[in-house]
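These notes are about the structure you will find just below.
The values are calculated or read from the model by the stated rules, or taken from the named source; none is laboratory data. All values derive from a computational prediction rather than experimental measurement. Quick reminder, even Gly has a Cβ in these numbers, built from the backbone with ideal geometry, and neighbours come from all protein chains shown. Ligands, DNA and RNA are excluded from the accessible area calculation, which covers all protein heavy atoms including side chains. Shrake-Rupley method; radii C 1.70, N 1.55, O 1.52, S 1.80 Å.
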Amino acid sequence: MFKNILQLGLVLSASAIGLACSAQADDQLSTLITKVGSQSKTDTISAMENKLLGRASWKIKCQYKAFDDMKACVMSKGPISILHLNNQYIVNIGEKHEKNSQAYIRIDQADTLQEREGLFRNGNSLIGQMKRGNFAFTRFQQSKNQQIENKISLTGFTDAFNDMEAQFARLGDDKNKL
């Protein structure tokens, strides 16, 4: 069953799409995208615009499986995926891992954490670090002995996580309706 749950999380992760919170955010984001695309050296991005860009960089996808009464949401950016499955949080680092290889993550200057094939099954403390952090540094071994290292900005992580939680809370709301 865990394998099926993990596959659901990976499918959600692979097909993750961003959802806008409001029409106002859409308009601000569209304006910001245009501004960034045609930015000259004298233009600057405001803190609010940076926050919007940060939030938009995290993709969220949620799904409710009525037959199994299972709720799942995943948010992802680069090699990091956060899966909220029923009452559990799982953090996944990387993809296509070399079998039994270690994956590593460090938030800012905190201790480096490692798990086999990048699957942190109890992700609550790691998520807390990510909410407070500025950058996540990851390293994992892909198949064919290719080592992958990334530095991922955590700007917008908390906003995206809160959006995911709100979507998760609404999943299955209609399950008791006839």
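Just a few scattered comments:
- The chymotrypsin sites (Phe, Trp or Tyr not before Pro) of region 44-144 that DSSP puts in a loop, and whose beta carbon has at most 14 other beta carbons within 10 Å, are Phe67.
- Close amide H contacts of Ser101 (hydrogens built in the peptide plane, cut-off under 5 Å, sequence separation of 5 or more or a different chain): Glu117.
- Fraction of accessible area attributable to carbon and sulfur, region 101-178 (%, probe 1.4 Å): 41 percent
- Global geometry of region 73-113, whether rounded, prolate or oblate, following the gyration tensor of its Cα atoms and the 1.5 cut on a/c: oblate
- Three-way shape label, region 46-118, alpha-carbon gyration tensor, a/c 1.5: oblate
- Inter-site label distance for Asp173 and Glu95 at 7 Å from Cα along Cβ, in nm: 3.0 nm
- Amide H contacts of Leu154 (H built 1.01 Å from N, under 5 Å, at least 5 apart or other chain): Phe135, Ala136
- Accessible area in square angstrom per residue, region 51-109, 1.4 angstrom probe: 47 Å²
- Estimated vicinal HN-Hα couplings, Hz - region 113-121 in sequence order (Karplus 6.51, -1.76, 1.60; Gly, Pro = x): 10, 9, 8, 5, 6, x, 9, 8, 5
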